[in-house]
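The values are calculated or read from the model by the stated rules, or taken from the named source; none is laboratory data. Please read these numbers as outputs of a predicted model, since none were measured by experiment. Please note: Cβ atoms are built from the backbone with ideal geometry, for glycine as well, and neighbour counts cover all protein chains shown. Quick note on the areas: whole protein, heavy atoms, side chains included, nothing else; ligands and nucleic acids left out. Shrake-Rupley method; radii C 1.70, N 1.55, O 1.52, S 1.80 Å.
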Amino acid sequence: MKDIADLLRHHPFAEGLDEDTMALIAGCAKNVVLQPGDYVFREGAAADSFYLVRHGAVALETFVPGRGAFTFLTVKSGEILGADWLIPPYRSSFDGRAIELTRAIAFDGKCLRGKCEADPRVGYEMMKRFIPPLLKRLQGARMQALGMYDAANA
Amino acid sequence: MAEADDAAAIITVEGLQDLLRAIRARGYRAIGPTVQNQAILYDDIESVDDLPRGWTDEQNGGRYRLASRDDDALFGYSVGPQSWKKFLHAPKLRLWTAERDGENASVTPEPPSSDRLAFIGVRACEIRAMEIQDRVLINDVYVDPHYEAARARALIVAVNCGKAGGTCFCVSMHAGPRVEQGFDIALTELLDGTEHSFLVETGSDEGRALLAQIPHRLASSREIEERESVVQRTASSMGREMRSDDLNELLTSNLDHPRWDEVATRCLTCTNCTLVCPTCFCTSVEDASDLSGARAERWRRWDSCFTMDFSYIHGGSVRSSAKSRYRQWMTHKLATWIDQFGSSGCVGCGRCITWCPVGIDITEEVRAIRGCDASAEESR
Amino acid sequence: MRQTLKACAPSPYPMAPSMTRVTRFIRESAEVFTFDLAPERAAPFTPGQFNMLYAFGVGEIPISISGAADAPERLTHTIRAVGPVSAALGKLQAGDRVGLRGPFGVGWPVEEAKGFDVLLIGGGIGLAPLRPVIYWLLRHRAAYGRIGVLYGARTPEDLIFGGELEEWRRTPDFQLRVAVERAGPSWTGDVGYVTPLLSKLRYDPADAIAMICGPEVMIRATALALEDAGVADSRIFVSMERNMKCAIGHCGHCQFGPMFICKDGPVHRYDRVRDLLAYREL
């Protein structure tokens, strides 16, 4: 039975983290398993967790009445999940739903924020690992919004 | 129509025949129960011979059979697939016709029918259902002129149920079995060996006038007691029961209950329940014109929240899954109806249980959501 | 408990339209058009109310009134053609007749908003039901605090009320921000989603009333953004839409939880519907 720090060590997010920091943030974490169809978070509800997806896939979606759920991003193995826990009012903007059996490391948001506040060096290490994937998603979202595949733009 | 008089009377079967004759002589079309298509259906009647003498019904989830009684009771059945809404809130109705000539156009509304209908054999749950529909179609912001006219003109000859149906739960919904108000005449059929008579109560001036026209005598205290025991016997033999004091809170706080997914695996969204329910009032409109485009009509017809189109908007249906449509029907009937109209939409007649092809039982669904599923097994 | 009110001077046949003359037809964009009706009897309406409009022989749809409420002798409607009825209405010319029933529904809280800062957020065709509020606020300017209007559209070509947008932009003591989601080089205005524009408006969130109109997804996101900015959910109003056949609370189609959108709405106070909005397929 692996312990949390072990699981964390093998996730790309932790690459380059020293052992002490890894142990520190592992103190906020636990292992979770999601069945296909399970919601990780719901739009409007409290966003109190941050996840590192180890295996599986989670769809970020919003529900459009009369049209169904629109998925605009899938988060896969090795990626980070959840950004609303970073900024007040810590509330989820979208629905997150596991589309496969998914195993993830779940961090308590308040705990992790607390550790970053207490030690800015830890905070900076976290920031270096959040910003790149979130920036890439923003760049992708911009390209998605342009709708370049529409017939009018072919 | 007021509450029952104190002075109850007794008439014989011949007296009932006289009553029908007197009603028709006043220009009413008498509509009553008849045996047709192996069911008890409401249709025009002329005499007591048209009534289902000696017939009863056996009802359960997804099951309805007529069976012979061992007596000649005229009202010895519970309720059939139809309700009086067939006559008060027509299944198909032309609302208006329109003409267009160049730049001019005009609309001519269809006036209400001038038919005067007398409903014979109305049950307490059916009177309650009419009162419930009154609140939707007459006593709210807008008045439906067709329903209002039909309702105002209808003569109600009610009957206290002599037998509870296999799916009945009017007692749970406080909608019966005793007929308490909303009638012109209320009958209780008294069968004792070879004696066959009806205890008669009047509830309006017209009811009193009709009784005065037919041979009758005052009821004895023994006969009045007999009426009580008929009502008590019916009340204590209900086929189903449903705790109904907390349904608004229970259902509106359980909109994500897994039971909705479960019932959706059985529900065919066939709309039978909404067709047979005496309080379901949903309709749709159909606009059409002739080939020249100079004449158009709008018709109104019954609709059901179970259809895919019912909630269509912006290229899709808001409720496209069977789960969402079943949830809508049940939460509306039992919960949000109370917010909208001040009472439950359900009278406990059991028709939705009987006529569901897969026997979905609203009382069982409520129990499952409340979490006491064990009793569902016992009531089968 | 809803109050039961009888409609004032109701028609004995509330399902029968009166065939009314079209007096003006203009095209706003490729998909959107506006026309005026001249009713025989000008029935007063409040901003946010809607009429049922009947295209002869085709069908009837609910359309919000998009004109000034203080001039009910001219009923203006702005429509996006999405189905057979709206397409038929899109072929109208001045002099044609359209079936009219209404006005129906609960409108925007223009009275309640007196003394407050007012925020209006319209997404796409959602600006049309808000335009009567803009007219009202400008007409009774002194009764209101700061006014901020946000309008989001897909592209510059989809913007409606173009001439008026210019006029409002130049109106003193009136804030207007327009954002499109995607644009070509000739567009020098904002490009992006509409909710971030809230931070560009000057208003007191503790003393503001907000009205949102647009697609339901946009309503949900905008209401949350307003709450994040400090506006209470009892001060946020949203306009809902559902299938409608009768508009008089008799056909059952427009139900949303316990509400009938035609008579309890279409405008609802957000705190009363936020829980309902969270359920899928309600």
*asked:* So in the range B:103-142, with the set limited to residues that are closer than 20 Å to residue C:253 by Cα and either open to solvent by 10 Å² or more (accessible area, probe 1.4 Å) or at pLDDT below 95 (or both), which one is nearest to the chain's Cα centre (by Cα)?
replied: B:134
_Given the condition away from chain B (no Cβ under 14 Å), open to solvent by less than 30 Å² (accessible area, probe 1.4 Å) and farther than 20 Å from residue C:47 by Cβ, answer yes or no: does some residue in the range C:135-148 qualify?_
no
*Among the residues of the range A:13-31 satisfying the criterion of being more than 13 Å from residue A:112 (Cβ to Cβ) and either of a type in the set (Gly, Ala, Ser) or under 13 Å from the mean Cα position of the chain (by Cα) (or both), which is surrounded by the fewest Cβ atoms within 10 Å (Cβ to Cβ)?*
A:16
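Residues checked against (1) over 11 Å from the mean Cα position of the chain (by Cα); (2) within 27 Å of residue A:23 (Cα to Cα):
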residue	(1), (2)
A:56	yes, yes
A:80	no, yes
A:100	yes, no
A:133	no, yes
A:147	yes, no
A:150	yes, no
*Tell me which of these residue A:65 doesn't satisfy, since it passes every other one: (1) of a type outside the set (Gly, Ala, Ser); (2) open to solvent by less than 50 Å² (accessible area, probe 1.4 Å); (3) at pLDDT 95 or above.*
(3)
_Neighbours by Cβ (under 6 Å, 6+ apart or cross-chain): first from the range B:14-27, modelled with pLDDT of 95 or more; second of a type in the set (D, E, K, R) and open to solvent by 40 Å² or more (accessible area, probe 1.4 Å)_ = B:27/B:116
_Number of the exception - residue B:68 against (1) open to solvent by less than 50 Å² (accessible area, probe 1.4 Å); (2) over 19 Å from residue B:276 (Cβ atoms)_ = (1)
*Just a yes or no: is a residue in the range C:233-244 free of Cβ contacts under 8 Å to residues at least 40 places away in the same chain, open to solvent by less than 20 Å² (accessible area, probe 1.4 Å), in contact with a Lys or Arg (Cβ under 6 Å, 6 or more places away or on another chain) and facing chain B (nearest Cβ under 9 Å)?*
no
*Which residues, taken from the range C:206-229, are in contact with a helix residue (DSSP H, G or I) (Cβ under 8 Å, 6 or more places away or on another chain) and assigned to a helix (DSSP H, G or I)?*
C:216, C:218, C:219, C:220, C:221, C:222, C:223, C:225, C:226, C:227
*What single numbered condition from (1) more than 25 Å from residue C:220 (Cα to Cα); (2) within 14 Å of another protein chain (Cβ to nearest Cβ); (3) free of Cβ contacts under 8 Å to residues at least 40 places away in the same chain fails to hold for residue A:69?*
(1)
*Could you list, in sequence order, all residues of the range B:4-53 that are open to solvent by less than 40 Å² (accessible area, probe 1.4 Å) and part of a strand (DSSP E or B)?*
B:9, B:10, B:11, B:30, B:31, B:32, B:33, B:34, B:39, B:40, B:41, B:42
_Only listed residue being open to solvent by less than 40 Å² (accessible area, probe 1.4 Å), within 26 Å of the chain's Cα centre (by Cα), at the interface with chain C (Cβ under 8 Å from one of its Cβ atoms) and not polar (S, T, N, Q), chosen from B:319, B:300_ = B:300
*Could you grab me the full set of residues in the range B:164-189 that are part of a loop (DSSP other than H, G, I, E, B) and either out of contact with any helix residue (DSSP H, G or I) (no Cβ under 6 Å at 6 or more places or on another chain) or of a type in the set (Phe, Trp, Tyr) (or both)?*
B:165, B:166, B:168, B:169, B:172, B:173, B:174, B:180, B:181, B:183
*If you go through the range A:46-59 one residue at a time, do you hit one that is within 14 Å of another protein chain (Cβ to nearest Cβ), open to solvent by 50 Å² or more (accessible area, probe 1.4 Å) and in a loop (DSSP other than H, G, I, E, B)?*
no
*Has the range A:73-92 got any residue that is open to solvent by less than 10 Å² (accessible area, probe 1.4 Å), closer than 19 Å to residue C:228 by Cβ and more than 14 Å from every other protein chain (Cβ to nearest Cβ)?*
yes
_For the range B:262-297, which positions are more than 13 Å from chain C (Cβ to nearest Cβ), surrounded by fewer than 16 Cβ atoms within 10 Å (Cβ to Cβ) and either in contact with a Pro (Cβ under 9 Å, 6 or more places away or on another chain) or under 29 Å from residue B:98 (Cα atoms) (or both)?_
B:268, B:270
_Condition first: exposed (fewer than 13 other Cβ atoms within 10 Å of the Cβ) and either within 14 Å of chain C (Cβ to nearest Cβ) or charged (D, E, K, R) (or both). Now tell me which residues in the range A:1-12 satisfy that._
A:2, A:3, A:6
*Among (1) out of contact with any strand residue (DSSP E or B) (no Cβ under 6 Å at 6 or more places or on another chain); (2) within 14 Å of another protein chain (Cβ to nearest Cβ); (3) open to solvent by 70 Å² or more (accessible area, probe 1.4 Å), where does residue A:42 come up short?*
(1)
